[in-house]
Amino acid sequence: MFTPIESALGAVLLQQASTTLLFNNGCVLGASGQLRGILTSPTSKNVAFIAGMALSVFATKSIFPTLIPNYEVPKHDWNDSLWIIGLGILTGYGTKNCNGCTSGHMLCGVSRLSARSLVATLTFVVAAYTTHHFQLTPSATAKASANCPAGVECYTPVYPSSDFVINVALAISATVASLHLLPSLVLSVTKNSEVAGLASRLLVGFTFGLGLLVSGFADPVKVLSFFSVSFGPLDISGWDPSLGFVGIFAIIPNIVWWNVACAKPPSPECSVPPKYNRRYELPTTALSSITLRFMIGAALFGVAWGASGACPGPAILRALAQPTWGLLWMGGFLMGSLLPL
């Protein structure tokens, strides 16, 4: 069902996480890069970020358990196991070759007005929609319709209780306050910008994970419902527009803040460095960097996303909640990341 309140609140957290990592640490928030890094060459930086995401799962499960998605339990058979591994391979290989996923390209790249990220985003969104539309995933229709009661259009808005909204808003306020205040406190105590930078990454990971859970982006069924629009004939009864709020409350504010309101738009050549790094470490935005491999990678990632409803950020959260699924998917992601082609 359409959850405008939760999706808007979660999108605010995603906006805060991506903006803070950019201006504190000088880099974009790319979940696939963080995951690939911790699997192939772990560093204190990616460990801190993933640890923050893990903490968000445990905190949410303790305080707001209804925000944890009701994941489908994997079947203990070869078909299901190979399917999950295959999705991981496509995601790992695709994101490696297109240099990003929904967070790095859509949330951050589009916010930077990167033509390269806009092309990647359009490619994997179209591929995801097409894949879901032709139902390449087993029981895709049943999975998407599980998001809505029988006989009720998925675009029908539902609203949480006022008590729930107040409690979530208080938790979000505390999270955002900690995100902005604690790294500065760590710096004042330790006098070490690297330690403060790690604290920033830990809190960004926590905020990002919480944003995915609150917004519904972590729920594969909800993601698949976002793709459930048929044009032949037009049918939007299964469409849940909730994830569109990520664009309204995360990407649009980022575009304004990063490119209009900010006196010095972040770039590698910026004379004003980020708080806890010597310079901005940002990927290119040029169209000239797009290759055939880049386009194929974006398309393959889109196929996996449309088939499963899971991209790297939400997959990290699901792996923590469902270790068996996580072991299979992460194994596939690692294999795809290591393919030499």
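Every read-out reported here was derived from the displayed coordinates using simple, explicitly stated rules and does not represent laboratory data. In this text, all values refer to a predicted model and were calculated from it rather than measured experimentally. Virtual Cβ from ideal backbone geometry, glycine too; neighbours counted across all protein chains shown.
Below is a table of values for the structure above.
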{"read-out": "Positive minus negative residues near MET330 (Lys, Arg vs Asp, Glu; Cβ under 14 Å)", "value": "+2"}
{"read-out": "Whether the range 17-61 is rounded, prolate or oblate, judged on the alpha carbon gyration tensor where a/c under 1.5 counts as rounded", "value": "oblate"}
{"read-out": "Cβ-based charge dipole, the chain, positive-most Cα from ALA51, CYS108, SER288", "value": "SER288"}
{"read-out": "Simple label model, 7 Å out from Cα along Cβ direction - ASP77 to VAL158, nm", "value": "3.0"}
{"read-out": "ASP163, ASP235 arranged by Cβ crowding within 10 Å, fewest neighbours leading", "value": "ASP163, ASP235"}
{"read-out": "Computed helical MRE - 222 nm, the chain, DSSP H runs ≥ 4 contributing -39500 (n - 2.57), nearest 500", "value": "-19500 deg cm²/dmol"}
{"read-out": "The range 170-298, dipole about Cα centre (Lys/Arg Cβ +1, Asp/Glu Cβ -1), debye to the nearest 20", "value": "500"}
{"read-out": "Amide H contacts of PHE2 (H built 1.01 Å from N, under 5 Å, at least 5 apart or other chain)", "value": "THR156, VAL158"}
{"read-out": "Answer label for P(r) over Cα pairs in 20 Å bins from 0, in percent (calculated), chosen among [x] 26, 60, 14, 0; [y] 32, 60, 8, 0; [z] 27, 53, 18, 2", "value": "[y]"}
{"read-out": "Scattering profile of the range 85-216 at q = 0.09 Å⁻¹ [log10 I(q)/I(0), Debye over alpha-carbon scatterers]", "value": "-0.46"}
{"read-out": "Potential extension, LYS264-ALA59 segment - 0.36 nm per residue separation minus Cα distance", "value": "70.2 nm"}
{"read-out": "Helix 292-308 axis, angle to the chain major axis (alpha carbon atoms, nearest 10°)", "value": "60"}
{"read-out": "Relative contact order (percent, whole number), the range 8-88, Cα cutoff 8 Å, 6+ residue spacing", "value": "11"}
{"read-out": "Dipole moment magnitude, nearest 20 debye, the chain about Cα centre, only Lys, Arg, Asp, Glu C-beta charged", "value": "1040"}
{"read-out": "Positive-pole candidate from VAL126, SER32, PRO220, dipole of the chain, charges at beta carbon", "value": "SER32"}
{"read-out": "Computed FRET value (nearest 0.05) for THR291 with SER188, which takes r as the C-beta separation and R₀ as 51 Å", "value": "0.65"}
{"read-out": "Residues VAL272, VAL221 arranged by fewest to most Cβ contacts within 10 Å", "value": "VAL272, VAL221"}
